C-alpha cells in the first residue's frame, strides 16, 4: 500500500516521520515523505491560529491531510491541540519515548544567578519553584539552535525534552534527566501522534499495527485534561500519565509563570476520561481557574 506521509521539515520532525515510515515499511507498506512548512516554521504568531500556539505547528499539515494531498501525518503529540480537527483522527500512538525533561548545562553545574533558557511557561514556572536563585531567558529555536546558544554562552543551561534528544541521537556532555517531582512534562511529551482522515479505512488499518495501547491511554488522559482546562493555547500545565496494572495514574499541575502559585494533583482510574475528570476537579478546587486566568490572553 502506498502512503504519503506529511511532516514538518525540521530535523526532529523528519526523524520522527522516518521512524514511523520505517515501521510501516517493515510491514510492507510503501511510504513517501512529503515535507510541509508550518506557520510556526515561518515565524507566525499564535494569533493567526484558531488553536493558538499549538496549532501553528500542525495546521498546514492537517489541511493537506484533509485535502487528500497526504494520507497521514506525524507530530510530536505535545504540539497537537487538545481536540482533533474535524474529519481527522489519531490513527496510531506508537510506544512512548521518555516523557521527562532534561537539564543541560555548559559545564555540569547550575549556580546561583545562572541563566536558564526556555520559552515554555510550564518550564519557566517549575524552574523557579525548584531553583528560585537562577534567572530565566526566553529562548526559541530547534534543538541544535538552542544547544549552539548554550555553547556560545548566551545562556548557562537549557531545559529540553529527553525524547527529542533521543530521536535526534544527540547526547549532550552535561545532561541530567529531571524527575517528575522537579518538572512535570507537557501533556503528550514523548509521544508521537499519527493522524489520518477519519474516513480512510485502509490507512487506519495500516496504522492500527503501530498503536501502543498503554501509550494511547496515557495520551488520551493528558489531552482530555488539557481540553477540560481550555488547552487551545500554551498553558503552564504539566500532566503526565502512565499505566500500571491496568490503571491509569496521572500527576498534573498548573503554575503561575513566576512559579509563586501552583495547583497540583495525583489521581488514578480505569479510563482516561475518568482520570482527567478527577484531575480537573482537584485542580479547580486548588485554584487552577485563577492561575490560568492570569496567563490567558
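Derivation of every value follows stated rules applied to the coordinates shown; laboratory data play no part. Computed from a predicted structure; not experimentally measured. For neighbour counting, all protein chains shown are included, and Cβ atoms are generated from backbone atoms with ideal geometry for every residue, glycine included.
Across the chain, the mean sequence separation of Cα contacts (distance under 8 Å, 6 or more residues apart), normalised by length, yields a relative contact order of 20 percent. Helix 213-228 and the longest principal axis of the C-alpha atoms of the chain enclose an angle of approximately 60°.
When DSSP beta bridges are restricted to pairs lying wholly in segment 101-177, around 60% turn out antiparallel. Per-residue ellipticity at 222 nm from helix content only, as computed over the chain with -39500 (n - 2.57) for each DSSP H run of at least four residues, stands at -9500 deg cm²/dmol. Fully extending the segment from residue 285 to residue 176, taken as 0.36 nm per residue of separation minus the present Cα-Cα distance, adds 35.9 nm. Peptides 249-262, 213-226 ordered by packing proxy, namely the average of other Cβ atoms within 10 Å per residue, highest first: 213-226, 249-262.
DSSP beta bridges confined to the chain are antiparallel in about 70 percent of cases. Label positions at residue 264 and residue 199, each projected 7 Å from the Cα along the C-beta direction, are separated by 4.8 nm. How far is helix 272-285 tilted, in degrees, relative to the longest principal axis of the Cα atoms in the chain, given as a value from 0 to 90 rounded to the nearest 10? Taking Cα atoms only, the helix is inclined about 30 degrees.
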